[in-house]
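First up is the structure itself, then whatever we jot down about it.
Any read-out appearing in this document is the output of simple, stated calculations on the displayed coordinates, not a laboratory observation. This structure is a prediction, so every number in the text was calculated from the model and none was measured. Glycine gets a Cβ as well: all are built from the backbone with ideal geometry, and neighbour counts include every protein chain shown.
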Amino acid sequence: MAFWIELVIAGLVSGLVIGLSALSITLVFGIARFPNAATGDTMTLGAYGALIGHRITGSLIAGGILGAAAGALVGVLGYLLIFRQLARRSNVALLVASIGLGFMLRAAMGVAFGHSQSVFQLPLVRPWRLGEVPIQPNDLWLALAAGSALMVVFGVLYLTPIGRRMRAVADDAALARVSGISPDRVMIALWVLAGAVAAVAGMIAGIKTVVSPEMGWDLLLPAFSAAIFGGIGSPVGAVVAGLILGVAQEVATPFVGFTYKIALAFVVMLFVLLVRPRGLFGKLEGAR
Amino acid sequence: MTIDRRTMLQAAGSALALTLTPATGKAQGAPFRIGALNPVTGAGSPYGSGMQKMILAAVDEVNAAGGAGGQKLEAFPDDTQTTPQAAVLAAKKLIEVNKVKAILGTWSSGVSLAVVPLTNDANVLLMNTSGAPALSVPPANAKGLSYRFQATNDRFGRAFAEIAVKEGYQRAATMAFNNASGIGNTTGFKKAWEAKGKKVVEEVVYEPNQSSYRAELQKVLAAKPDVIVMGSFLPDTTIILREWFQTGAKTKWIIPGWAANPQLIAALGLEATEGLISVDSVSNENAPSFKRYDALHQKVTGQPGASNVYAAMTYDMVITLALAMEAAKSADVAAINAKIREVGNPAGEEVFSFADGKAALAAGKKINYQGASSVLDFDQFGDVTPDFGVFFITKGKLERRYVVKI
């Protein structure tokens, strides 16, 4: 039993990273209506931002805030300089532009920080034992960080006027505009949120693994699948789907081995989408 | 006749080219072109720029001694970025645009395995520092144009087994990164370990770029091994060892030197790395050729030569190639290729530098170049057998305790 609980915990922690990055993708998709391939590199930027903040201040919280700010800044700049200019183009044009932005970010970080790995210098701690099950104190902190990031995002989305406007634009952009909602302010709020959430995901991934310019790009595929699996445009769906994918991967390993665990997560996703094409929490969109 | 702009440019261009071509003596034709294709960026970056600088320095050394086989050498540096994709593009450029006859210094098996079909098709020599066993045999080495200056992963695995026996371990488990190099290490270990009548209690092959390796570790540790033998690289080793230390387990580790290096110690700290065993091939440190290399390495990088075993290999590549050219008295790749074993293997007078080898060849003697990286005796597959240094990480320093010969 303890064996399985350990696997589930490992899966939940991996799932949080997937879920947060999927949340960033799904927010952009829901409101700006294109798949943002620069999400992975925004994660990397968040990880480097947090790393620098942590080195300067010695505090992970300060580092996390700096990382999130860096992610938000890149989100807003990407919108103002690129995506706003292309707003009337097809979403394929926007997708390609976001791939280009991702390349630029990755190359710039490669030049600035080098290609060798960096790590968060955190003290290594022995686990607490809950009966048979070892619990990593670090995992709890990371889960707490992820949880607070989620609370902020959902708080903004569901409790503030700007969040209400964002949801209105997501539901029906044309109707929102005729109701007098300024698209620019909504978009800037969106990119701040999406950039910061991706950055927090990147920071958590960076703390758990190693920080390198390619790390975010490597995590992009599971993030996209979680966004689709959860129902594209659904914030709750993205997080839940991320957790399910993470847990499914780890729990599958005794049966399929480690090489095929990634494939297994995708089998789960395919199965759900066959039964429920709009994803876990997706809404049916009528033809416009 | 009308002269359009294109014709004019061509004419002007060829006139310019003529004036720029240096007056060449009979012995000096066009230079023999080689590509210095090294991991300047990416996972190999701690080694790559040193490898490249030593190729350029060795080319200067050969040219200063009057060139090889009547020709000067000319090197074209490029970067593999330690990825097969970038390496293939760079190799294509070196072969098709720069017209190189040999590519020297590819690092990482994935890169060498991706480049070798191109060099084979173009009938170009490839000298690599990678470990994958697949590089020894067809299709990779179907034409016998590929030479390896590093030990194969299989030989690394055999060295790991020698060390595990010497250290008195009984229950060994293995963890391998899922590629030719990682699995090569652990299968080489398993073969040699089982030949000694021991058992491997658990084997795990894991995928790159995972956010956690806890499930993999859980499986390995459940078999209660006393030592875990790795076929791994730096980033995954960092993550695995961090998670291992945090489980509180007390296993010993045997790890290849390119993963258990000073960067790993910097990433994990003193406590978690204490007692790890890091194994790497060691240079031919008592040979005069190593002293030459060491002095040159100091000069061009400011670091001692022993800090980069791969730089010693790339230095030897140029010297070996140049000696083979000298012996072949030709710039023809097939003729040079036929002479590589002749100048590197016994029997013959042992020589330790290009100039000495050239002089001995001129005197009509057979030679056996003793390299800076190893004695460089190529077997039928173009592989060499260096010795292995066994380093114990003690208080954050890699401390060499003994050398293993296989």
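Among beta bridges identified by DSSP and lying wholly in chain B, the antiparallel ones come to about 25 percent.
Please find the FRET efficiency linking A:Ser148 to B:Asn286, where r is the Cβ-Cβ separation and R0 is fixed at 45 Å, and quote it to the nearest 0.05. The computed FRET efficiency comes out at 0.15. Taking a straight line from the alpha carbon of B:Lys190, these lysines sit under 24 Å away, with near neighbours fewer than eight places off in the same chain left out: B:Lys166, B:Lys198, B:Lys199, B:Lys219, B:Lys224, B:Lys250, B:Lys252, B:Lys405.
In a reduced charge model with +1 at each Lys and Arg Cβ and -1 at each Asp and Glu Cβ, the protein assembly as shown shows a dipole moment near 1000 debye about its Cα centre.
Per-residue packing, averaged as other Cβ atoms within 10 Å, sorts the ranges B:353-360, B:135-142 into the order B:353-360, B:135-142, beginning with the highest. Ellipticity at 222 nm from helices only: DSSP H runs of n ≥ 4 in chain B, each -39500 (n - 2.57), divided by the residue count, give -14000 deg cm²/dmol.
If the segment from B:Ile406 to B:Lys92 were pulled out straight at 0.36 nm per residue, it would be longer than the present Cα-Cα gap by 109.3 nm. Comparing B:Ala172, B:Ala91, B:Ala287 in a Gaussian network model of chain B where C-alpha atoms under 10 Å apart are linked, the largest mean-square fluctuation is found at B:Ala287. Computed from the Cβ-Cβ distance with R0 of 56 Å, the FRET efficiency linking B:Arg171 to A:Val275 stands at 0.75. Mean residue ellipticity at 222 nm, helices only, chain A: -24500 deg cm²/dmol; runs of at least 4 DSSP H residues each add -39,500 (n - 2.57), and the sum is divided by the number of residues. Modelled this way, with points 7 Å down the Cα-to-C-beta line, the labels at B:Gln303 and A:Trp141 are 3.2 nm from one another.
Packing-based ranking of B:124-130, A:89-95 yields B:124-130, A:89-95, ordered from highest to lowest mean Cβ neighbour count within 10 Å. Eigenvalues of the alpha-carbon gyration tensor of chain B, scaled by 5 and square-rooted, set the equivalent ellipsoid semi-axes at 42, 24, 18 angstrom, largest first.
Extending 7 Å from Cα along the Cβ direction at B:Ala362 and again at B:Ala295 yields two label points whose distance is 2.0 nm. With both labels modelled 7 Å from their Cα along Cα-to-Cβ, the A:Leu159 to B:Leu270 distance reads 4.7 nm. In the protein assembly as shown, taking the dipole from charged Cβ atoms about the Cα centre, the farthest positive-side position among B:Val279, B:Ala266, B:Tyr213 is held by B:Tyr213. Cβ-Cβ distance of B:Asn123 and A:Ser179, R₀ of 60 Å, FRET efficiency by 1/(1 + (r/R0)^6): the value works out to about 0.25. Would you work out the Kirkwood radius for the protein assembly as shown? I mean one over the mean of 1/r across all pairs of different Cα atoms, in Å. Answer for the protein assembly as shown: a Kirkwood hydrodynamic radius of 27.7 Å. Within 10 Å of the Cβ of each residue in B:203-213, the mean number of Cβ atoms contributed by other protein chains is 6.
Bridging of B:Lys99 to aspartates and glutamates at a Cα separation below 16 Å is possible for B:Glu74, B:Asp78, B:Asp121, B:Asp332, once same-chain residues fewer than 8 apart are set aside. Charge dipole of the stretch A:116-209 (Cα centre as origin; +1 on each Lys and Arg Cβ, -1 on each Asp and Glu Cβ, all else neutral): 120 debye, rounded to the nearest 20.
Using +1 at the C-beta of Lys and Arg and -1 at the C-beta of Asp and Glu, which of A:Thr42, A:Ile82, A:Leu95 has the Cα lying farthest in the positive direction of the dipole of the stretch A:21-130? Farthest towards the positive end: A:Leu95.
Its Cα centre serving as origin, the stretch B:123-216 has a Cβ charge dipole (Lys and Arg +1, Asp and Glu -1) of approximately 300 debye. Peptide B:235-242 shows a mean partner chain C-beta count of 4 within 10 Å per residue C-beta. Shielding of peptide A:124-136 by partners, expressed as the average count of other chain Cβ atoms within 10 Å per residue Cβ, is 2.
For chain B, the longest principal axis of the C-alpha atoms and the axis of helix B:309-328 are separated by about 40°.
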